[in-house]
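Undergrad: Please read through the structure below; I'll follow up with questions.
The values are calculated or read from the model by the stated rules, or taken from the named source; none is laboratory data. Quantities reported herein were computed from a predicted structural model and do not represent experimental measurements. Heads up, the Cβs are rebuilt from the backbone with ideal geometry, glycines too, and the neighbour counts pull from every protein chain shown.
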Amino acid sequence: MKSKNEIIVSSFEKMDIGMLQMVLDDDKTYQNAHKVVFLAKLDKVFNEFQSNHDTCLKAYKGKCVGNCPNKGINGFSFFGNTTKNHLDLLFEEKENEIVDICCCTDFEIEANIEVKNKKVSFDMYHDELFDFQPSVDYHIASAKYKEAYEEMEAYFDKEPIDKDIYMYWMGKHNELFIDSINVVIDNFHQHEFEFYALYDSLLTYSTSYINEEPCKSALTEFYCIDPEDEQSLLKWLFTHESLGHKFCELVYNKIDTKTNSVPVGRLKLSTLDFQNSIDFKTIFGKLFWAMMEKYTEFSKEYVFENDISFSACSILLKEKSLIK
């Protein structure tokens, strides 16, 4: 007959929320939250596994190796049977009884597992913790963030939206976003974080739209250059160095060329509003890294791995290519 601890681990492998509801203790907290909150988060994670065709999880023993209070606590890494995505959880025990379960950010598996794909995890917002005491200010701020976020929900999972919609929304709630920036990440409340994450994700694309005209002008110059005229291509790079720097730091989500859109959370943005920016980013980046490899022997991967700044790369390229 299986022990209670074995049943708990087995329930994770089966992604059986119903069984976990029965075997986990109501009077305990898990990841500093009440059981109902913990299981709600876990249910979303299980749904993510299942939506990617994982029908069960395989548990591998391990422990926390991070420089944190949890270092040395044992647990399991649960691997999806199809995706090999994994959820790393610590199971704190006292007298052979599981007294806490929480996610681990620095987990080491005992077995020699070669394939380790996407890490799946979840966090608790500050207002989801078991000992959270809401204040009047909290209720006022939370209502503001919730209302602002819900204004965009009308466009979730719909057709691509154009710039007028999200640019207006961002302008309207700019001060609210600035307020959220000043919050320590571990102290985010649920509605505050939902708003912050959406606004922050949209910043990449608003920056692209704002720079459409400079990108269009730079592209016009580029298309007039003979592809074999390397000196002119280098001069073009350095002329638009500032704009290129800005776009090299932007990371786009995967663009759907069939619908001319890009996903931002549950929104879809029309890429027609910043197509020049997309083209400039692609052309500038491809040319810049090709020249870097030719003149400095530094690949894009080497630069990123060694955390070398774009400015340092640009200075080095100027020196090596003798373009002033």
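Undergrad: Quick check on segment 182-201: of everything there that is polar (S, T, N, Q) and not in a loop (DSSP other than H, G, I, E, B), which residue is nearest to the chain's Cα centre (by Cα)? If you could, list the steps in order and put the result at the bottom.
TA: In the first step, residues of segment 182-201 are kept if they are polar (S, T, N, Q); the result is 182, 187, 190, 201.
Those left that are additionally not in a loop (DSSP other than H, G, I, E, B): 187, 190, 201.
Numbers: N187: 18, Q190: 17, S201: 9 Å.
If we take residues in segment 182-201 being polar (S, T, N, Q) and not in a loop (DSSP other than H, G, I, E, B), then S201 is nearest to the chain's Cα centre (by Cα).
Undergrad: Regarding F130, is this residue within 29 Å of D179 (Cα to Cα), modelled with pLDDT under 95, in contact with a His (Cβ under 9 Å, 6 or more places away or on another chain) and surrounded by 14 or more Cβ atoms within 10 Å (Cβ to Cβ)? Write out each step before concluding.
TA: On the way: within 29 Å of D179 (Cα to Cα): yes; modelled with pLDDT under 95: yes; in contact with a His (Cβ under 9 Å, 6 or more places away or on another chain): yes; surrounded by 14 or more Cβ atoms within 10 Å (Cβ to Cβ): yes.
Spelling it out, F130 is indeed within 29 Å of D179 (Cα to Cα), modelled with pLDDT under 95, in contact with a His (Cβ under 9 Å, 6 or more places away or on another chain) and surrounded by 14 or more Cβ atoms within 10 Å (Cβ to Cβ).
Undergrad: Regarding K71, is this residue out of contact with any His (no Cβ under 7 Å at 6 or more places or on another chain), over 21 Å from D123 (Cβ atoms) and not β-branched (V, I, T)? Talk me through it step by step, then tell me what you get.
TA: Working: out of contact with any His (no Cβ under 7 Å at 6 or more places or on another chain): yes; over 21 Å from D123 (Cβ atoms): no; not β-branched (V, I, T): yes.
Against the criterion (out of contact with any His (no Cβ under 7 Å at 6 or more places or on another chain), over 21 Å from D123 (Cβ atoms) and not β-branched (V, I, T)), K71 does not qualify.
Undergrad: Looking at segment 242-277, which of its residues are within 14 Å of F222 (Cβ to Cβ), more than 20 Å from the chain's Cα centre (by Cα) and not polar (S, T, N, Q)? Break it down into steps so the answer makes sense when it comes.
TA: Pass one, segment 242-277, residues within 14 Å of F222 (Cβ to Cβ): 243-244, 247, 276-277.
Add one more test, that the residue is more than 20 Å from the chain's Cα centre (by Cα), and what stays is 243-244, 276-277.
If the condition is that a residue be within 14 Å of F222 (Cβ to Cβ), more than 20 Å from the chain's Cα centre (by Cα) and not polar (S, T, N, Q), then L243, G244 are the ones that fit.
Undergrad: Among the listed residues S201, S242, S232, S217, which satisfies the condition of being in the same structural domain as Q275 (by TED's automatic domain parsing), among the small types (G, A, S) and over 23 Å from C313 (Cα atoms)?
TA: Working: S201 fails: in the same structural domain as Q275 (by TED's automatic domain parsing); S242 fails: over 23 Å from C313 (Cα atoms); S232 fails: over 23 Å from C313 (Cα atoms).
Result: S217 is the single residue among S201, S242, S232, S217 that is in the same structural domain as Q275 (by TED's automatic domain parsing), among the small types (G, A, S) and over 23 Å from C313 (Cα atoms).
Undergrad: Here are some conditions: (1) under 14 Å from F78 (Cβ atoms); (2) under 27 Å from the mean Cα position of the chain (by Cα). K44 meets all but one. Which one does it not meet?
TA: For K44, the failing item is (1).
Undergrad: Need the failing condition index for C103 against (1) over 30 Å from A141 (Cβ atoms); (2) touching a residue at least 60 places away in the same chain (Cβ under 8 Å); (3) buried (at least 18 other Cβ atoms within 10 Å of the Cβ), just the number.
TA: (1)
Undergrad: Report, by residue number, each residue of segment 57-78 that is touching a residue at least 40 places away in the same chain (Cβ under 8 Å), among the small types (G, A, S) and crowded, with 19+ Cβ neighbours inside 10 Å.
TA: Within segment 57-78, the subset touching a residue at least 40 places away in the same chain (Cβ under 8 Å) is 57-66, 76, 78.
Subsequent filtering for residues that are among the small types (G, A, S) retains 59, 62, 66.
If the condition is that a residue be touching a residue at least 40 places away in the same chain (Cβ under 8 Å), among the small types (G, A, S) and crowded, with 19+ Cβ neighbours inside 10 Å, then G62 is the only one that fits.
Undergrad: Of all residues in segment 291-304, how many are modelled with pLDDT under 85 and of a type outside the set (S, T, Y)?
TA: Residues meeting the conditions: 5.
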